[in-house]
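What follows is a set of notes on a single structure, which appears directly below.
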Amino acid sequence: MEEARWATPAGKRELHQWAEALGTSDQALRDVVWKAGGAWLSFRNDLVAPFRPYLVYTGSRQSWRMFSMVSHEQGQLAISVDRGNGREPVFVSYEHELWRRTELRQERTRTILNDFFGRESKSVWPGFVDRLADWAREDFPDAKTLEVEISTRPTPDPGTAPEPFHVTWTAQRVLQ
């Protein structure tokens, strides 16, 4: 549990909706959930402690903290290069994850991307795109430009077709 996550617009909105549904104040619900969540994490950490060396050694350690609240918006990262023949997609979340999949599907990167999808990390967006450009220069020496897009759409209700993604942020870098 992280104070910063609870302070985001999405965290405040989620807390308020639950408090309203339960007929209590935002602060009262936050206090109860914070106390219960802290107790649960403490219990879980004690329970997992004897197995931690095995989990680290096998690479199967999982941080459950990333499931702190429901996301009402889905996001998609799309990365393309242009080698002189037009836009060539090299990575599109869940559809075409070929380039740098290990790095771009890694837990910490997914956390950063979830913040982008929620429009809460705009200040780190240029640095993220610069890093992608560095990788693209290494992997696609003939590419002239890199284009990166973040698109979002509302999470569909069960049984309904999803809306198309809508571009939220875009950036381009010259590679040569």
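The values are calculated or read from the model by the stated rules, or taken from the named source; none is laboratory data. Quick caveat, the model's predicted, so the values are computed rather than measured. Note that each Cβ is placed from the backbone with ideal geometry, even for glycine, and that neighbours are counted across all protein chains shown.
Observations on the structure shown:
- Flag if residue 164 is at pLDDT 90 or above and touching a Lys or Arg at 6+ places or on another chain (Cβ under 8 Å): yes
- Here the condition is being at pLDDT 95 or above, of a type in the set (Gly, Ala, Ser), in contact with a strand residue (DSSP E or B) (Cβ under 8 Å, 6 or more places away or on another chain) and within 29 Å of residue 83 (Cα to Cα); of 136, 171, it holds for 136 alone.
- Residues within the stretch 66-100 that are modelled with pLDDT under 85 and not charged (D, E, K, R), tallied: 10
- Total residues in the stretch 101-124 satisfying the condition of being loosely packed, with under 13 Cβ neighbours inside 10 Å and either at pLDDT 85 or above or part of a strand (DSSP E or B) (or both): the figure is 2.
- Residue within the stretch 125-133 that is in a helix (DSSP H, G or I), modelled with pLDDT under 75 and either under 30 Å from residue 16 (Cα atoms) or among the basic types (Lys, Arg) (or both) present: no
- Selection over the stretch 10-65 of residues that are in contact with a Lys or Arg (Cβ under 9 Å, 6 or more places away or on another chain), small (Gly, Ala, Ser) and modelled with pLDDT of 90 or more gives a count of 1.
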